[in-house]
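To keep things clear, I will list the structure first and then write my remarks on it.
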Amino acid sequence: MEKILYLAHPEENGALGRTALEALAAARGLAAGLGAEFSVGLLGGSVQAAADSIAACGAAAFFAAQGEALAASRYSTDAAACEALCRAAGATVVVAPATARLARCLPGVAQRLGGRVDSNCTGLTVEGGAPLVSRWYYRQRMVAAQTREQRPWVITVAPCCFIAEENLGGSASLQAVALPAVTPRTEVLGIDAPAADEQTIRPEAEMLLVAGAGWTKKQADGQSHPEEAAGHILGFLERTKASLGSSKSLVDLSGEGQSVLPFLTHLHQVGQTGATPRHKKGLATCCHGEEPHVVGWRFITERRAVNLDAGCGWAQGKADVLYVADAFAVMAKVNELLGK
Amino acid sequence: MSYHIVVCGSIVPDPLQTLEPVAGPGGPALKNEMMLPAVLDPWAAHALYEAANLAKAAPGSRVWLVSVGPKAKLQQVMMHVAQKVPFELVVMDGPAGGFVEAADTAAALAQAVEGIAGLEKDRLLLFGGWSSASRGTGATMQILGELLGVTEQFQGVDELRPADDGSFEVKERIEGGGYLRSRCAGAPAVLGWATGNLPEPPNNPQVGMQNMRLIMPALQKARPAAVGAAGVAYKAVELPGARRQTRIVKDAPVDDIAREIVEWIKG
């Protein structure tokens with residue numbers, strides 16, 4: 001019988017994030033499907049509040065690795081803590097959210113435990129009495145369903161693939177896990193993030209706006225209008241609170257010393273070497289819709305595009321609607337209709 | 001402070017290629033995989049450019065590119081990569097597709113790294129992509145680090161700033177478009193790069209010729225890599241579902257288009 005461990009960490013505010021709660025749903029579903037018990041393992045500076053928030057999840061035990069050294073996200077201490085949690089639980093299957101913190105350390109933890117890891121899984125079910133994961137390959141160009149013999153099996157769950165459960169609060173009794181002595185040579189200095197009103201990357205937004213290189217190209221008057229482009233894009237974001245993405249070609253322009261849209265960085269890049277966001281709606285503007293970019297749209301449910309080229313990639317079955325029109329004019333009118 | 005920077009990366013199909021899964025003798029594979037045009041994995045390529053940039057700023061540094069892949073295809077890819085930045089190539093001959101285990105690849109890489117003559121582990125920086133455009137697990141570098149006993153690790157790196165005392169600051173991508181800033185006391189360390197901040201270097205034929213003098217012998221003496229997918233059972237490997245039926249709106253007034261978009265946004 002498998003021994004399932006749900007492994008997670010609280011966010012800075014002490015609560016479990018949405019991705020963590022989605023992974024909990026995945027773990028509970030797996031346990032139910034296998035007829036197995038599961039336990040909870042939490043790591044962080046202080047995890048009692050997080051444990052209490054899911055105390056009624058049905059876990060047989062709550063293991064805790066906590067302390068000042070674990071308040072910050074760092075490979076050496078996180079890996080040691082996760083390893084200790086897995087060993088304390090005797091886990092054969094570990095289900096964890098694919099957060100940046102756990103994505104960094106869990107493959108190494110799997111190695112320490114003599115097991116294997118499958119990351120960014122978008123599905124977790126049971127077939128033939130064994131866990132079955134789905135995950136994407138070749139940058140969202142194909143999907144596989146797979147199982148494995150090796151144990152322990154560490155599975156990280158991609159965001160927005162399971163429904164987070166609520167109303168699981170109560171009072172959890174924590175079993176403290178002995179942590180091995182680790183002398184980290186890494187000091188966490190802090191987080192750099194734009195101010196809330198300047199942040200244009202919004203994973204929680206319902207909508208994604210993608211700006212392509214066409215915004216900085218010469219327009220019908222033979223001139224480029226980057227300031228006007230910036231006004232349309234930022235105006236749209238202000239009105240809709242959408243998240244902003246970009247094509248690789250547009251963010252690369254800044255690296256080549258060209259005058260471009262200063263608020264775009266490689267963090268905004270969507271596509272083969274960029275992000276794969278999971279917004280419900282996506283609007284691509286002045287963007288070519290070629291495959292290396294569009295692979296990043298795999299999980300965008302509703303897609304529309306504005307492009308002057310009726311034969312662009314979006315027209316080839318990659319968007320629901322392609323508006324063959326001047327994005328400068330369209331977005332100006334859209335912003336006017338959206339109002340202030 | 002100088003570094004011994006080992007960049008790990010392999011080949012992936014050109015991004016513009018249409019891929020089709022087929023059942024191979026060892027598990028899933030790509031149709032006509034050996035015929036598909038290939039490139040160096042994009043994130044590994046960024047890691048290589050960052051390595052070269054760091055080596056340039058730290059005299060006495062060396063850069064190796066260690067690759068597990070089919071040597072015939074690696075040779076083709078190296079014709080292009082060799083012109084970008086100076087490096088020494090180390091090759092393990094074996095499959096490099098998405099359906100090969102990260103643990104196997106890491107073990108082969110570890111074997112190759114351990115075999116690098118003159119490598120000084122106290123100056124070692126293990127660079128690679130934080131994920132690959134094939135398997136995409138984001139696991140190989142961490143496993144490699146564990147095999148080599150390197151437990152200062154960073155993933156999603158966009159910036160490394162060395163200090164004179166051998167320490168360096170790192171910026172790693174985290175959720176919501178932010179960065180986690182850390183300071184590491186020094187090598188050895190593992191860094192899985194995202195895109196970094198450097199553009200792709202222009203082709204430099206002189207660098208290319210210099211590199212190829214060592215690349216060809218490296219390819220010829222490549223040892224076989226024991227990599228596969230033992231223990232994994234693939235129940236299905238499929239292409240995504242049917243394409244969307246795109247409605248193309250042409251010759252419509254801007255006002256009408258804008259109204260429709262706003263209705264959709266609000267809907």
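The values are calculated or read from the model by the stated rules, or taken from the named source; none is laboratory data. Predicted model, so just to flag it, every value in this text is computed and none were measured. Here the Cβ positions follow ideal geometry from the backbone for every residue, glycine too, while neighbour counts run over all protein chains shown.
Some notes on this structure:
- For B:Ala110, the criteria (1) under 25 Å from B:Arg123 (Cβ atoms); (2) out of contact with any Cys (no Cβ under 9 Å at 6 or more places or on another chain); (3) within 12 Å of chain A (Cβ to nearest Cβ); (4) surrounded by 23 or more Cβ atoms within 10 Å (Cβ to Cβ) hold in every case but one, which is (4).
- Within segment A:94-123, residues that are on the phi < 0 side of the Ramachandran plot have Cβ atoms under 6 Å from residues that are among the acidic types (Asp, Glu) and crowded, with 24+ Cβ neighbours inside 10 Å in these pairs: A:Cys105/A:Asp78, counting only partners at least 6 apart in sequence or on another chain.
For (1) modelled with pLDDT of 95 or more; (2) closer than 20 Å to B:Ala229 by Cβ; (3) in contact with a Lys or Arg (Cβ under 8 Å, 6 or more places away or on another chain); (4) facing chain B (nearest Cβ under 8 Å), each residue gets a yes or a no:
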position: A:Trp153; (1), (2), (3), (4): yes, yes, yes, no
position: A:Ala164; (1), (2), (3), (4): no, no, yes, no
position: A:Ser171; (1), (2), (3), (4): yes, no, no, no
position: A:Gln175; (1), (2), (3), (4): yes, no, no, no
position: A:Glu187; (1), (2), (3), (4): yes, no, yes, yes
position: A:Arg202; (1), (2), (3), (4): no, no, yes, yes
position: A:Gly214; (1), (2), (3), (4): no, no, no, no
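- Qualifying residue in segment A:27-41 (condition: touching a residue at least 60 places away in the same chain (Cβ under 8 Å), over 23 Å from A:Leu189 (Cα atoms) and within 14 Å of chain B (Cβ to nearest Cβ)): no
- Selection of first residues in segment A:263-289 that are within 8 Å of chain B (Cβ to nearest Cβ) and of second residues that are surrounded by fewer than 24 Cβ atoms within 10 Å (Cβ to Cβ) and of a type in the set (Gly, Ala, Ser), restricted to Cβ pairs under 7 Å at least 6 apart or on distinct chains, gives the following pairs, ordered by first then second residue: A:Leu267/B:Gly177; A:Gln269/A:Ala275.
- Within segment B:26-84, considering residues that are in contact with an Asp or Glu (Cβ under 6 Å, 6 or more places away or on another chain), of a type outside the set (Lys, Arg) and within 30 Å of B:Ala236 (Cα to Cα), the one farthest from the other protein chains (Cβ to nearest Cβ): B:Pro37
- In segment B:123-142 there is at least one residue that is in a helix (DSSP H, G or I) and over 28 Å from A:Gly274 (Cα atoms).
- Of residues in segment B:231-258 being assigned to a helix (DSSP H, G or I) and within 9 Å of another protein chain (Cβ to nearest Cβ), the one farthest from B:Ala23 (Cα to Cα): B:Asp255
- Unique match (being facing chain A (nearest Cβ under 7 Å), in contact with a strand residue (DSSP E or B) (Cβ under 9 Å, 6 or more places away or on another chain) and among the aliphatic types (A, V, I, L, M)) among B:Ile261, B:Ile215: B:Ile261
- Test for B:Arg247: is it surrounded by 12 or more Cβ atoms within 10 Å (Cβ to Cβ) and free of Cβ contacts under 8 Å to residues at least 60 places away in the same chain: yes
- Any hit, segment B:149-167, residues being touching a strand residue (DSSP E or B) at 6+ places or on another chain (Cβ under 9 Å), of a type in the set (Phe, Trp, Tyr) and without any contact (Cβ under 8 Å) to a residue 60 or more places away in the chain: yes
- Test: residue in segment A:228-237 that is in a loop (DSSP other than H, G, I, E, B) and either in contact (Cβ under 8 Å) with a residue 40 or more places away in the chain or more than 18 Å from A:Ile300 (Cβ to Cβ) (or both): no
- Taking first residues from segment A:181-193 that are on the phi > 0 side of the Ramachandran plot and partners that are at pLDDT 95 or above, the Cβ contacts under 6 Å between residues at least 6 apart in sequence or on separate chains come to A:Gly190/B:Arg181.
- Within segment A:127-151, being more than 7 Å from chain B (Cβ to nearest Cβ), closer than 21 Å to B:Ala29 by Cβ and surrounded by fewer than 21 Cβ atoms within 10 Å (Cβ to Cβ) holds for A:Ser134, A:Gln140.
- Segment B:181-221, subset under 18 Å from the mean Cα position of the chain (by Cα) and β-branched (Val, Ile, Thr), residue farthest from B:Ser61 (Cα to Cα): B:Thr195
- Matching residues in segment A:290-302 - criterion: being under 11 Å from A:Val210 (Cβ atoms) and within 7 Å of chain B (Cβ to nearest Cβ): none
- Residues satisfying the stated conditions in segment A:303-318, i.e. in a helix (DSSP H, G or I) and either in contact (Cβ under 8 Å) with a residue 60 or more places away in the chain or more than 8 Å from chain B (Cβ to nearest Cβ) (or both): A:Gly313
- Within segment A:118-166, being β-branched (Val, Ile, Thr) and more than 20 Å from A:Ala36 (Cβ to Cβ) holds for A:Thr122, A:Val143, A:Ile163.
- Restricting segment A:289-317 to residues that are touching a Phe, Trp or Tyr at 6+ places or on another chain (Cβ under 8 Å) and surrounded by fewer than 21 Cβ atoms within 10 Å (Cβ to Cβ), the residue that is farthest from B:Arg244 (Cα to Cα): A:Arg298
- From A:Gly90, A:Gly29, residue being more than 27 Å from B:Val170 (Cβ to Cβ) and more than 24 Å from the chain's Cα centre (by Cα): A:Gly90
Listed here are the residues, each with its yes/no results for (1) closer than 14 Å to A:Cys82 by Cα; (2) small (Gly, Ala, Ser).
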position: A:Leu102; (1), (2): yes, no
position: A:Gly108; (1), (2): yes, yes
position: A:Asp118; (1), (2): no, no
position: A:Gly123; (1), (2): no, yes
position: A:Ala130; (1), (2): no, yes
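- Residue count for segment A:319-340, restricted to those that are facing chain B (nearest Cβ under 7 Å) and assigned to a loop (DSSP other than H, G, I, E, B): 3.
- Count of segment A:81-99 residues which are surrounded by fewer than 24 Cβ atoms within 10 Å (Cβ to Cβ), of a type outside the set (Asp, Glu) and either more than 11 Å from chain B (Cβ to nearest Cβ) or farther than 18 Å from A:Leu24 by Cβ (or both): 5
- Single residue of segment A:116-126 satisfying the filter (of a type in the set (A, V, I, L, M) and more than 9 Å from chain B (Cβ to nearest Cβ)) that is farthest from the chain's Cα centre (by Cα): A:Val126
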